[in-house]
Amino acid sequence: MNFAETARLKLSLISHDDENLIYTLRSDEEIIKYTGIKKYASSNEAAEYIERIKKNMQEKSCFVWAISTKEGEKIGTGCLWNFTRDGLGAEVGYDLLKPHWGRGYAPEAALKIMEFGREFLGKEYFFAELRLDNQRSIRVLEKCGFKISHELEIDGKPWVQMKTSC
């Protein structure tokens, strides 16, 4: 799926055209607060990230899409990564620019990404690991059919793993 659409969104595989989007997402402390991602200090880091991701996508070890509105405004990214050893599972991730939080875009994009995982990659289940205090993201995943499967601790903070089956 190089390109896909939902009712309100377009998803296209990440490219160097998305450097500004990546930099904006990863240089905003509020957006990366729950992710463990190091804050980007320059747009060069976004270019390097995209180069790594493009290589990983060629190797089919992850897939990352830029998320845009149907009108063409870039609003975030979504991904499948952390494929399980048995080949049946994948982690789902997403980031949206703050003005687009709370509009239902994250579950809409995540459901489309999971559809790709089922139809083109043969994934049978999806999971996400997130901090327990990231209630917005927990609600997004619940809208996508995820349930908390277990709690864990990472760097002294409570996290949960959520799962869904196809």
note = Over the range 106-119, the set of residues open to solvent by less than 20 Å² (accessible area, probe 1.4 Å), over 15 Å from Arg8 (Cβ atoms) and free of Cβ contacts under 8 Å to residues at least 60 places away in the same chain is Met114, Gly117
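Kindly provide the set of residues from the range 122-144 that are assigned to a helix (DSSP H, G or I) and either touching a residue at least 60 places away in the same chain (Cβ under 8 Å) or surrounded by fewer than 16 Cβ atoms within 10 Å (Cβ to Cβ) (or both), ordered by number. Spell out how you get there, then give the answer.
Within the range 122-144, the first condition is being assigned to a helix (DSSP H, G or I), and the residues that meet it are 135-143.
Gln135, Arg136, Ser137, Arg139, Glu142, Lys143 - these are the residues of the range 122-144 that are assigned to a helix (DSSP H, G or I) and either touching a residue at least 60 places away in the same chain (Cβ under 8 Å) or surrounded by fewer than 16 Cβ atoms within 10 Å (Cβ to Cβ) (or both).
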task = Could you please find all residues in the range 142-166 being out of contact with any helix residue (DSSP H, G or I) (no Cβ under 8 Å at 6 or more places or on another chain) and among the charged types (D, E, K, R)?
result = Glu142, Lys147, Glu151, Glu153, Asp155, Lys157, Lys163
ask   = From Arg103, Arg85, which residue is free of Cβ contacts under 8 Å to residues at least 24 places away in the same chain, over 11 Å from the mean Cα position of the chain (by Cα) and closer than 20 Å to Gln161 by Cα?
value = Arg85
inquiry  = Quick check on Phe83: is it open to solvent by 30 Å² or more (accessible area, probe 1.4 Å), of a type in the set (Phe, Trp, Tyr) and closer than 27 Å to Ile50 by Cα?
reply    = yes
query = Can Tyr40 be described as touching a Phe, Trp or Tyr at 6+ places or on another chain (Cβ under 7 Å), over 19 Å from Ala128 (Cα atoms) and hydroxyl-bearing (Ser, Thr, Tyr)?
reply = yes
message = Can you say whether Gly93 is surrounded by 14 or more Cβ atoms within 10 Å (Cβ to Cβ), out of contact with any Asp or Glu (no Cβ under 8 Å at 6 or more places or on another chain) and closer than 23 Å to Gly122 by Cβ, as far as the supplied structure shows?
response = yes
task = Would you be able to say whether some residue in the range 145-159 is on the phi < 0 side of the Ramachandran plot, open to solvent by less than 30 Å² (accessible area, probe 1.4 Å) and either at pLDDT below 95 or in a helix (DSSP H, G or I) (or both)?
result = no
task = Please state which of the following conditions Phe3 fails to meet, knowing it meets all the rest: (1) of a type outside the set (A, V, I, L, M); (2) surrounded by 14 or more Cβ atoms within 10 Å (Cβ to Cβ); (3) closer than 17 Å to Thr69 by Cα.
result = (2)
message = I need the full set of residues from the range 65-92 which are touching a Phe, Trp or Tyr at 6+ places or on another chain (Cβ under 8 Å) and among the aliphatic types (A, V, I, L, M), in order please.
response = Ile67, Ile75, Leu80, Leu88, Ala90, Val92
From the options Tyr34, Tyr23, residue that is under 28 Å from Gln135 (Cα atoms), in contact with a helix residue (DSSP H, G or I) (Cβ under 8 Å, 6 or more places away or on another chain), surrounded by 15 or more Cβ atoms within 10 Å (Cβ to Cβ) and at pLDDT below 95 = Tyr34
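The values are calculated or read from the model by the stated rules, or taken from the named source; none is laboratory data. Note that this is a predicted model, so its numbers are computed, not measured. Note: ideal-geometry Cβ built from the backbone for every residue, glycine included; neighbour counts use all protein chains shown. Each accessible area value is taken on the protein alone, full model and side chains, heavy atoms only, with ligands, DNA and RNA left out. Shrake-Rupley method; radii C 1.70, N 1.55, O 1.52, S 1.80 Å.
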